[in-house]
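No value in this document is a laboratory result; all are computed from the given coordinates. Since the model is a prediction, treat every value here as computed from it, not as a measurement. Don't worry about glycine lacking a Cβ; one is built from the backbone with ideal geometry, like all the others, and counts go over all protein chains shown.
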Amino acid sequence: MFRPILVLLFQMHEFLRGTAWQDATLTPIAGDASARQYARFDQPPAILMTDPSGDTLRFANIASTLTDADLCPPTIYAHDPDQGLMIISDLGQTDFAKHLKQSPHEEPKLYKAATDVLCYLHDKNITVDVPRMTHETAADMIGLAAKFYANDTTKAPPLCDAMLNAFTSHVDPSLHLALRDYHAENLIWRPMNTGTDRVGILDFQDACIAPLGYDLMSLIRDARRDVDHTVGSAITLQFCNHIGRNAVEMGAHLACVGAQRNLRVLGIFARLASQGGKPQYLQFIPRVWRYLMQDLSHPALRDLNKSVMSTLPTPNASTLQRLGSK
């Protein structure tokens, strides 16, 4: 439930009273696909995060867990969970996507650094109380594609069944912590630091216990930017070698995980465009579809490919116009 703006302003005023930021200037900054809002304090440097749902406890819990694991999430300076208000450290203004627009030749270096974090996270085997993405859960999650992208809820059961069959046949049942939205716009490049501290991590409040390599596929199947195929192959090999798996043998597993993720993303972006008043997400759908087709081209996913193609429309002009006209 959204708070009236005057109520929110009063709550923010009370929250900031007596802190180092009570007289600081706030500048709004771009948010994410959620209803959360962000603003940057000028002095001392920090970020104000507001969550209309008031649910900031999960962010705080996971941030603390990642900090304890010597990774680099924001530090929490102040927190009012009842009002959904939080002041967090400013990890920097240059995310991977922004940096690579200026220095595209550094893509291999940045993506290797991001994969170093995933390897480190895998080795730590962190235990945290977050939802578990079982095979059944993963299959159910793609019902969003039928409901919002295809606009036909009757198509959800066969699509979900096909995904469950694919997961059962090809996805390793072991589960590991996944930060969930691990991609270029949620990673801050900090080249003056060393080790995993070079990569600041944002937008992890929806973390879950997921199949192996979930975050790797999030990284190389980025809905908002094209990742060079050579770079994607190199970091896949890097990750698989580190965890002691054969990259070729992991192919069907990773393709299935990537397809599941992007089917859900199709549904989410379609919902944001058609019901959330955010038509800007339509621009990403063709890229998500290309990634989906790339993963479904794996020979092991032939049956899932047939199900998807018989269930979902291609993102042609007519499909995108329909999604944007609601």
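The GNM of the chain, with springs linking C-alpha atoms under 10 angstrom apart, assigns the highest mean-square fluctuation among G244, G258, G143 to G244.
Please give the length that would be gained between T25 and T134 if that part of the chain were fully extended, namely 0.36 nm times their separation in residues minus their C-alpha to C-alpha distance (nm, one decimal).
This chain segment gains 34.8 nm when fully extended.
For the range 87-180, the list of trypsin sites (Lys or Arg not before Pro) that fall in a loop by DSSP and count at most 10 other C-beta atoms within 10 angstrom is empty.
Working note: Karplus 6.51/-1.76/1.60 with θ = phi - 60° gives the range 72-89 the couplings 10, x, x, 7, 8, 8, 8, 8, 10, x, 5, 9, x, 10, 8, 10, 10, 5 Hz, where Gly and Pro are set to x. Each principal axis of the Cα cloud of the chain was taken in turn, and the coordinate range along them, longest first, works out to 61, 46, 39 Å. Pairs of lysines in the chain whose Cα atoms sit within less than 16 Å of one another amount to 6, provided the residues are eight or more positions apart or on different chains.
Taken over the range 282-326, the ratio of Cα radius of gyration to 2.2 N^0.38 Å equals 1.27. If you run the Gaussian network model on the chain, springs between alpha carbon atoms under 10 Å, then out of D197, D23, D55 the most flexible one is D23. For the range 5-88, the spread of Cα coordinates along the three principal axes comes to 38, 27, 24 Å, biggest extent given first. Under a Gaussian network description of the chain, with springs only between Cα atoms under 10 Å, the residue in V128, V257, V199 that fluctuates furthest is V128.
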